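Working notes for the structure below.
Read the figures in this text as sums done on the coordinates, not as results from a lab. The shown structure was predicted, so the numbers you read here are calculated from the model rather than taken from an experiment. Cβ placement follows ideal geometry from the backbone for every residue including glycine, while neighbour counts extend to all protein chains displayed.
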Amino acid sequence: MFNLVSQDIEEYSEEHTTPESDLLYRINRATHLHNLNPRMVSGPLQGAFLSLIARLKQPKHILEIGTFTGYSALCLAEGLTPDGTLDTIEIDEELEETILQNFSQSPFHNQLQLHIGNALDIIPTLHHAWDLVFIDAEKTEYDGYYDLILPQVAKGGLLLIDNVLWNGKVVEEVKSNDKDTHAIMAFNDRVQQDPRVRNLLLPFRDGILCIEKL
């Protein structure tokens, strides 16, 4: 994972952040031991950030696109209202068993709903007014996710979009065939010009774009 700060600073930050739960620690460790591209897991700092936002927001309905091994979903679930739900979408069916096993160990397991498949197909079948959305999935589809989700976001709802600095490439000369970087830059520009939202791009880890629906 690209990081704007040094490893020493990140480690110092983790040392001065409330530790992740035992379950999250086990998921993080297992992900690094058994999964390809383990850097995709949110990890302690980003997980703590997601948990904090969710606990402050106290959402009734959360949508996540890109479950991976379930770490970020469990962080977000910490802020759910007692009758709240979290729907999470993962395209890789080979991760289903791992995700469900991780979810089953959580006190929030009855509030979590996993969907396996293409998010662009699944989102229209979900009929909640989303209070909080976290997107960490296919970068070239960010526009498509945004088009489908924003109309369903409650007024004052919050979207958190991951990897919007894309290894720092957004401020470099971009190769013509670099579809991911071009897509992310176009998405960031689009949100900046969207009168329906208020936005803040945080230079945190690989960049998180916070979008409030007005």
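Once each of the trypsin sites (Lys or Arg not before Pro) sitting in a DSSP loop with at most 13 other beta-carbon atoms within 10 Å is removed, the chain keeps 1-174 as its longest stretch. Between THR140 and ALA154, the contour length at 0.36 nm per residue exceeds the Cα-Cα span by 2.6 nm.
Using only side-chain charges placed at the Cβ, +1 for Lys and Arg and -1 for Asp and Glu, the dipole size of the range 54-172 relative to its Cα centre rounds to 660 debye. From most to least packed by mean Cβ count within 10 Å, the peptides 6-16, 103-113 give 103-113, 6-16. In the chain, Rg over Rh equals 0.94, where Rg is the alpha-carbon radius of gyration and Rh the Kirkwood radius from pairwise Cα distances.
The lysine pair tally for the chain, using Cα distances under 25 Å and a gap of 8 or more places or different chains, is 10. Panel order for HIS32, HIS127, HIS115, by other beta carbons found within 10 Å of each beta carbon, from fewest to most: HIS127, HIS32, HIS115. Within the chain, antiparallel bridges make up roughly 35 percent of the DSSP beta bridges whose residues both belong there. Pairs of Cα atoms nearer than 8 Å and 6+ residues apart set the relative contact order; for the range 32-118 it is 28 percent.
Distance between the 7 Å Cα→Cβ label points at HIS34 and PHE204: 2.9 nm. With R₀ set to 30 Å, the beta-carbon distance separating SER104 from ALA186 gives a calculated FRET efficiency near 0.15.
Modelled label positions at ASP22 and GLU212, each set 7 Å beyond Cα in the direction of Cβ, lie 3.9 nm from each other. Relative contact order, percent, of the range 7-213 when contacts are C-alpha pairs under 8 Å separated by at least 6 residues? The normalised contact order for the range 7-213 reaches 16 percent. Measuring between their Cα centroids, the range 76-145 and the range 157-189 lie 23 Å from each other.
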